[in-house]
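For reference, the structure discussed in these notes is given below.
The values are calculated or read from the model by the stated rules, or taken from the named source; none is laboratory data. Remember, predicted model here, so these are calculated numbers, not experimental data. Here Cβ is always computed from backbone atoms with ideal geometry, including for glycine, and neighbour counts include all displayed protein chains. Calculation scope for accessible area: heavy atoms of the full protein, side chains included, ligands and nucleic acids excluded. Shrake-Rupley method; radii C 1.70, N 1.55, O 1.52, S 1.80 Å.
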Amino acid sequence: MPLEAGLLDILACPACHAPLEEKDTELLCTAQECGLAYPVRDGIPVLLVDEARRPA
């Protein structure tokens with residue numbers, strides 16, 4: 001389920017403050033050195049570093 005229009009414009013990665021992009025059921029940090037993937041559960045982004053998936 002896509003996020004509300006304009007929501008990605010105001011969200012940022014909590015770890016490095018880079019913009020996020022939506023991919024499937026995650027929000028991906030766009031910073032090369034960070035790259036965390038935050039889950040979206042029931043249409044709500046979970047922007048907690050402890051819940052984020054590290055890049056492979």
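For Rg and Dmax of the Cα atoms in Å, one of [x] 11.7, 36; [y] 12.5, 44; [z] 10.2, 29 was computed from the structure I shared and the rest are decoys. Which label?
Matching entry in [x] 11.7, 36; [y] 12.5, 44; [z] 10.2, 29: [z].
Residues of the chain: accessible area per residue at 1.4 Å, in Å²?
Accessible area per residue: 71 Å².
Sticking with the crude label model, points 7 Å out along Cα→Cβ, report the distance from VAL46 to THR25 in nm, one decimal please.
About 1.0 nm separates the two model spin labels.
In the chain, carbon and sulfur make up what percent of the accessible area (probe 1.4 Å)? Let's see the in-between values first.
On the way: 2040 of 3970 Å².
Carbon plus sulfur share of accessible area: 51 percent.
Residue separation times 0.36 nm, minus the C-alpha to C-alpha distance between ALA56 and ALA5: what's the value? Walk me through the numbers before you get to the answer.
On the way: separation 51, 0.36 × 51 = 18.36 nm, distance 2.90 nm.
15.5 nm is the gain from fully extending ALA56 to ALA5.
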